[in-house]
Amino acid sequence: MKTKGTRKYKVNVVTMGCAKNLVDSEVLITQLKANKINVYHEKDNVQSDIVIVNTCGFIENAKQESIDTILNFVKAKKQGLIQKLYVTGCLSQRYREELETEIPQVDAYFGTRDLPALLKRFNVDYRHELLGERLTSTRSHYAYLKISEGCDRPCSFCAIPLMRGNHRSRPVEELVQEASFLAERGVKELLLIAQDSTYYGIDLYNTRMLGKLMDSLAKIDRIEWIRLHYAFPAGFPEDALHIMADNENICKYIDMPLQHASSKMLKIMRRGITRERTEALIEKIRNLVPGIGIRTTMLVGHPGETGKDFEEMIDFIEKVKFDRLGVFTYSHEEGTHSWSLKDTVPKREKQRRADELMEVQASISGRLNQQRIGKILKVIIDRKENGHYIGRTEYDSPEVDNEVLIDAGVHKLRTGEFSSIFITDALPFDLIGKPHTGDS
Ligand code: SF4
């Protein structure tokens with residue numbers, strides 16, 4: 001059922017889940033806008049006629065949030081507030097048949113690689129010439145750059161390869177073109193994202209090319225910060241660390257989800273690395289890139305994890321002292337390798353372990369932040385809120401890491417610009433500061 005004459009309709013795109021899904025929504029919006037279709041991104045105050053929900057299907061909570069969002073728009077459709085409802089993204093890729101049966105009020109479901117088919121519903125074709133020209137929905141001074149799609153790793157708990165397919169790197173030229181386009185539009189900070197950024201290039205160039213890619217991106221004028229996310233520890237490309245150390249505009253920052261610390265659990269989780277090799281890698285990273293900020297993510301409550309294994313994770317965190325840390329509780333996902341294992345850790349105990357881990361991290365982060373007092377740091381000012389300018393250092397990624405607070409009642413700064421900030425105080429997960437005026 002095609003929507004004849006869709007150009008005059010207002011389309012609202014709603015994005016669930018991660019930054020990679022956000023980039024997909026941005027590509028969709030870019031295509032629709034280029035075809036003169038009135039499209040918004042998550043605008044609550046705009047009466048839209050057609051809604052596209054770009055879903056997440058990663059873990060239980062995320063799946064439920066996507067289903068609730070779809071049902072809210074089904075209700076809006078019943079009330080005649082919207083006319084068409086389309087669903088795309090990971091949940092739709094993974095559970096299309098079930099969704100078509102259980103929520104038939106949705107006009108059509110699309111997978112993660114069905115953009116052309118979705119555009120057909122608007123009587124428009126996918127415009128290849130727009131490749132590299134992406135309208136972003138993030139603050140104008142930073143943007144995500146998705147360097148590859150999918151993943152070839154066998155991690156036991158992860159459903160992402162089921163939804164995103166095998167690893168597919170985007171060509172270096174295409175990424176440089178897109179980054180240059182973004183820089184011309186005022187982007188100063190590029191966040192490199194993928195399912196596994198360190199695998200970049202193997203499928204396309206038969207060799208790891210992350211270092212070369214970062215080196216090429218570092219040559220783009222006006223890009224002041226390049227930030228590396230989603231690095232995988234096993235087979236880490238050392239040359240990327242040398243490139244990071246040698247280029248001022250590559251943040252001394254790495255996001256490297258490790259998921260666990262006990263070699264027994266890393267084996268069960270099929271991570272292809274041991275505790276000893278993980279510690280050796282972290283030591284190498286800190287030696288090759290002095291002062292680097294390391295972010296990691298841990299997964300607690302995986303089948304087979306005993307109290308002793310969890311204690312080993314705590315011991316590892318206390319020993320390594322990560323600058324930034326996030327934690328997930330294990331979600332039993334059908335279709336993953338772990339689905340065949342017994343989900344041994346009770347839900348309440350999973351959450352207790354996650355809470356204990358973050359308590360330990362709060363004290364580590366607090367102590368590390370104390371060491372920043374008296375320092376002058378380069379800070380990007382993201383926004384003004386509750387009487388403060390809110391910014392980030394090169395050790396902080398948007399949405400997930402620490403922030404720097406500057407009193408807006410006393411100081412005047414420009415959002416979207418870099419400022420030198422003298423750190424006057426520290427909180428467990430934030431810093432307090434004031435503009436550095438040479439005598440402060
Ligand atoms: S690296 Fe592992 S956890 Fe990450 S997306 Fe791939 S399979 Fe999932």
Handout entry: segment 131-370: antiparallel DSSP beta bridges as a percent of all, rounded to 5
Key = 10 percent
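For R185, R153, R352, R392, write out the residues from largest to smallest accessible area, computed with a 1.4 angstrom probe and no ligands counted.
Values: R185 135, R153 45, R352 105, R392 0 Å².
So, going from the largest accessible area down, we get R185, R352, R153, R392.
Output the antiparallel fraction of DSSP beta bridges having both residues in the chain, as a percent to the nearest 5.
Values: 21 of 63 bridges.
DSSP beta bridges in the chain are roughly 35 percent antiparallel.
What does the accessible area per residue of segment 376-435 come to in Å², with a 1.4 Å probe and no ligands, DNA or RNA counted? Mind dumping the intermediate values first?
Values: 2730 Å² over 60 residues.
In whole numbers, segment 376-435 has 45 Å² accessible per residue.
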Exercise for the section: Compute the accessible area per residue over segment 16-122, keeping the other protein chains in place, probe 1.4 Å, unit Å². Expected result: 44 Å²
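Suppose we keep just the DSSP beta bridges with both residues in segment 8-129; what percent of those would be antiparallel, to 5? The partial results should precede the final answer.
Details: 0 of 17 bridges.
If we restrict to bridges inside segment 8-129, about 0 percent are antiparallel.
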Handout entry: Accessible carbon and sulfur surface of segment 376-435 relative to its total accessible area, %, 1.4 Å
Key = 48 percent
Practice task
Identify unpaired cysteines across the chain, taking unpaired to mean no other cysteine Cβ lies under 4.7 Å from the residue's Cβ.
Solution key: C18, C56, C90, C151, C251
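By how many nm would the segment from Q371 to V410 lengthen if fully extended, with 0.36 nm per residue of separation less the alpha-carbon distance? Can you show the working numbers first?
Details: separation 39, 0.36 × 39 = 14.04 nm, distance 2.47 nm.
Between Q371 and V410, full extension yields an extra 11.6 nm.
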Handout entry: All lysines inside 18 Å of K321 as judged from Cα atoms, apart from same-chain residues fewer than 8 positions distant
Key = K252, K284
Problem - Cα-based shape type of segment 376-435, given that a ≥ b ≥ c are square roots of the gyration tensor eigenvalues and the cut on a/c is 1.5 - result: rounded
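Which value, in nm² and rounded to one decimal, describes the direction-averaged projected area of the C-alpha convex hull of segment 282-406?
Numbers: hull surface 41.2 nm².
The orientation-averaged projected area of the Cα hull of segment 282-406 comes to 10.3 nm².
Mind checking the full-extension length gain between E102 and E174? Use 0.36 nm per residue of separation minus the Cα-Cα distance, one decimal, nm. All intermediate terms of the calculation are to be shown ahead of the outcome.
Numbers: separation 72, 0.36 × 72 = 25.92 nm, distance 4.00 nm.
Net length gain for the segment: 21.9 nm.
The values are calculated or read from the model by the stated rules, or taken from the named source; none is laboratory data. Please read all numbers here as calculations on a predicted model, not as lab measurements. Note that each Cβ is placed from the backbone with ideal geometry, even for glycine, and that neighbours are counted across all protein chains shown. Quick note on the areas: whole protein, heavy atoms, side chains included, nothing else; ligands and nucleic acids left out. Shrake-Rupley method; radii C 1.70, N 1.55, O 1.52, S 1.80 Å.
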